[in-house]
Structures are given as C-alpha cells and as structure tokens.
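J.: Have a look at this one.
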Amino acid sequence: GLLHQMNRPPPLRYNAFNRYLRRRYGGRVQKIPLDAGFGCPHREGRDRRQAGGCIYCENASFSPGSRPLPLPLAEQLERGIRQGTRRYKARGFIAYFQAYTNTYGPPELLRKRFDVIRDFPGIVGMAVGTRPDCVDPEVLDLVHAYCGRYEVWMEYGLQSGNDHTLRRIQRGHLVADFLRAVELTSRRGMLICAHV
C-alpha cells in the first residue's frame, strides 16, 4: 500500500515520447540513429555563410553511428534492429536519419537513401533530422510520400527561439526559417519535432 506509493515516481507533467510510442504500438519502439552520408550546407560553407558549422557542431558526439565513412544504411539498420530487439525487447523501430542535414541533396538521392527502410518490415516510422532552412515543398512532398506506410517525423534543429542567440551560436538560420519550415510541414499533416 503506502510503501508502494512512496516508491512510485511522480506522474509526468508532459507526454513522454516513449509513453506515446508504447500506447500507439502496444510495446517498446526504438529509434535507430542513422548516418546516411549527408553533409551540412552551413558546415561546408556552401550556403555562403560562415563555414565550420555551429559552435557546438561535432556530430560524432551525439550520433553514435557517425564515422568518417558511415556503414551502408542497410547494415546500420540491421545492427540497430538486432541491438534494439536484444537489449530493449523492441516491437518496432523508427529509422532516424540523424547525422547532419538529411534533406541536403537532390530529391533522387534523398529517395534512394530513404527507400532503404522499405526492406525492413520492423520499421514502423521514419524521422528526418534537418535544418529548418533546408526544406522546400519538393523535399517535403518527397518525405510526405512515406506517410502512407510509416509514421513520419520531421525533426528541425531550431536550437533557440531567439535570433540574437542563433547568430551568436553561428546557427546560420533565423527563427523565421523555422516558422516557415513548420508551416510547410504542417500543411502536409506530418509530425514535427523541434530540437532546442
């Protein structure tokens, strides 16, 4: 009775993503971080901004699958599924295109890389990490095409809702870019995640 209640963690005041996935899929769903070999226009200086990326841009520090030459996507997915099944008893997986800017490339290249997930029946969702200034209607239409088969998330690196801070951290985009990306994405009914 009372001892059990004392040891129980307090209820969360927010909807945890893990809890949402468990309710939706009836069990654990694990994200598999992927490095699809995309770069970043801000990091590479191709967007005519300061080259070198944001002040905290060291992708290997937060993308465990990131390496100088990433493994083929199919191999990354196989490893992620194997590990998620063994370690977490996952029932499904979200292919998380995480490293760098996963909308930075021509649509035919994006489609080729994203299509790899179709060979893995355990994949229930797809998350595309990108910069808010690196999407346009054509790219979003391409990503939206996966919505019929997968739960699709666009993950935008907002980082800060303050333009002064964005300039200080050399983010290379402004809040207006984020708002534009969210508007274009929400028109297509896709799910949106903001990184701050």
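J.: What FRET efficiency comes out for Asp136 versus Arg8 if R0 is 41 angstrom and r is the Cβ-Cβ distance? Round to the nearest 0.05.
T.: Numbers: r = 48 Å, r/R0 = 1.17.
It comes to 0.30.
J.: Averaged per residue, what accessible area in Å² does the range 94-196 show with a 1.4 Å probe, protein chains only?
T.: Computed with neighbouring chains in place, this is 44 Å² per residue.
J.: Now a separate question. Using a probe of 1.4 angstrom, how much of the accessible area of the chain is carbon and sulfur, in percent?
T.: Working: 5850 of 11160 Å².
That share works out to 52 percent.
J.: Using +1 on the beta carbon of Lys and Arg, -1 on that of Asp and Glu, and nothing else charged, what's the dipole of the range 75-178 about the Cα centre, debye to 20? Write down the numbers at each step before the final one.
T.: Working: 15 positive and 13 negative charges, 140 e Å.
Approximately 680 debye in magnitude.
J.: Check every DSSP H run in the chain and write down those whose alpha carbon atoms cover 15 angstrom or more along the long axis and whose mean Kyte-Doolittle hydropathy is -1.0 or greater.
T.: Values: long enough: 73-88 (21 Å, -1.31); 175-186 (16 Å, 0.78).
Span-like helices here: 175-186.
J.: Express in nm, to one decimal, how much length is gained between Arg187 and Lys112 on full extension, taking 0.36 nm for each residue of separation and deducting their alpha carbon distance. List each step's numbers first, then the result.
T.: Numbers: separation 75, 0.36 × 75 = 27.00 nm, distance 2.45 nm.
Extending this stretch completely gives an extra 24.5 nm.
J.: Output the antiparallel fraction of DSSP beta bridges having both residues in the chain, as a percent to the nearest 5. Numbers along the way, then the final one.
T.: Values: 0 of 22 bridges.
Around 0 percent of the beta bridges assigned by DSSP in the chain are antiparallel ones.
The values are calculated or read from the model by the stated rules, or taken from the named source; none is laboratory data. Treat the numbers as computed from the prediction; the structure is a model and nothing was measured. When we count neighbours, we look across all protein chains shown, and the Cβ atoms used for this are built from the backbone with ideal geometry, even at glycine. SASA here: full protein model, heavy atoms, side chains in, ligands and nucleic acids out. Shrake-Rupley method; radii C 1.70, N 1.55, O 1.52, S 1.80 Å.
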